[in-house]
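What follows draws every value from the coordinates through simple rules; no lab data is involved. In this text the structure is predicted, and so the values were computed from the model without any measurement. When we count neighbours, we look across all protein chains shown, and the Cβ atoms used for this are built from the backbone with ideal geometry, even at glycine.
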Ligand SMILES: Cc1cc2nc3c(=O)[nH]c(=O)nc-3n(C[C@H](O)[C@H](O)[C@H](O)COP(=O)(O)OP(=O)(O)OC[C@H]3O[C@@H](n4cnc5c(N)ncnc54)[C@H](O)[C@@H]3O)c2cc1C
């Protein structure tokens, strides 16, 4: 047991939300400390598809909803950060694609008619043909239409590594995280026995927030989990593809992103409707069979005879919504010294940090002189998840 340490903002959980926040607060001169119990990014963040949405896909049912409006300026904010001129300096983070595509196979014109009925959508998408098609779709047998969305795709492992760099020494690993109270009031946390007092405590532990709230004796804010059963494949014939393939409904039939494997091959990571409801009910073998059927129907020219396949089950953690609806912006709940939140999307990490900064400003939390850090190890970075599975 050591003497208590003080910090302005103590953050629990080193996914995109916690890491973006610690980097932002540090840049503004706050003393911060982020504690992670596993690997940085190893929750949902590294397992995400890395798409920096501008909300266009939510307009598939013909009108821009709250979701599409709230998220619309995220690609611009990320582009600035990636160029080094934004709210964080993310130069060096690998940009996998400068655009995400919307791909309508065959004869889905009806669906797209209502989509393009929205003026806001028309201004954000442009049809591409011929040599401008994504490499994986440039084939004489390809039929259908492809639209370029002004959304980017980032390599999440390199993003996590850069944010960890920006966080400097203020990242620590601890397994036991317990409340520290003074006369019943929460004043900090005990990290593997080390007392850390803080003006504000922010829980950004993703799916771990519910357990942390329980340990604090709180039941609000409530959390929802949306299970997904993703598919990945790696093979020598795969070329990069970043696209939502439209089905008949309001959700993409599949969403494909491509990730670089250490051996130089590409990994295709498949989400969208394939990974939801029916996909969750299937076992891994059935889910791989379903993905093979989808790809054979959509891209019959693909030779996947040498591909390796795997599936990954992962829950999206979000604030509880009625009818498991998708929340449409970053969520932050504050109660006194404690702030709890979910960015709800990787793309919305800047929005999440902005909400925390606004709460600190509102409450007049000012930076105190930086205190020494607890003698705890630094957490490791999560490895790209596909390396262990394929
Ligand atoms: C398959 C999938 C694909 C996705 N694709 C996209 C996409 O393309 N674009 C997009 O914008 N969003 C996407 N998302 C959503 C996005 O990944 C999440 O909204 C975002 O990563 C959540 O970040 P987070 O920091 O809140 O949580 P996490 O990344 O889950 O991080 C939480 C961290 O807290 C740690 N932790 C947990 N409990 C404790 C504890 N008790 N003490 C200390 N640490 C703890 C965990 O180890 C973890 O490191 C996707 C999600 C999934 C699952």
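Details
- The stretch 140-245, relative contact order [Cα under 8 Å, separation at least 6], %: 13
- Packing around the peptides 347-354, 86-93, 71-78, taken as the average count of other Cβ atoms within 10 Å per residue, puts them in this order, highest first: 347-354, 71-78, 86-93.
- The distance from the alpha carbon centre of the stretch 322-390 to that of the stretch 124-173 is 23 Å, rounded to a whole number.
- Using R0 = 41 Å, the C-beta based FRET efficiency linking residue 363 and residue 39 works out to 0.80.
- Its residue count N sets the reference 2.2 N^0.38 Å, and the alpha-carbon radius of gyration of the stretch 165-250 equals 1.72 times that reference.
- Over the chain, relative contact order from alpha-carbon pairs under 8 Å, at least 6 apart, %: 25
- With an a/c value of 1.5 or above and a/b not larger than b/c for the gyration tensor axes a ≥ b ≥ c computed over the alpha-carbon atoms, the stretch 342-390 is described as oblate.
- Cα radius of gyration and Dmax for the chain (Å): 21.8, 73
- Prolate/oblate/rounded label for the stretch 7-51 (Cα gyration tensor, a/c 1.5): oblate
- In terms of the mean number of neighbouring beta-carbon atoms within 10 Å, the peptides 310-320, 201-211, 267-277 order highest first as 201-211, 267-277, 310-320.
- Rounded to 10°, Cα long-axis angle of helix 349-362 versus longest principal axis of the chain: 30
- Estimated 222 nm signal from helices in the chain, with DSSP H stretches of n ≥ 4 weighted -39500 (n - 2.57), rounded to 500: -7000 deg cm²/dmol
- The stretch 211-338: relative contact order in percent, alpha carbon pairs under 8 Å with at least 6 residues between: 34
- Compactness index (Cα Rg / 2.2 N^0.38 Å), the stretch 208-330: 1.25
- Against the chain, whose longest principal axis comes from its Cα atoms, helix 156-166 is set at around 30 degrees.
- The angle separating the long axis of helix 16-27 from the principal Cα axis of greatest extent in the chain is about 50 degrees.
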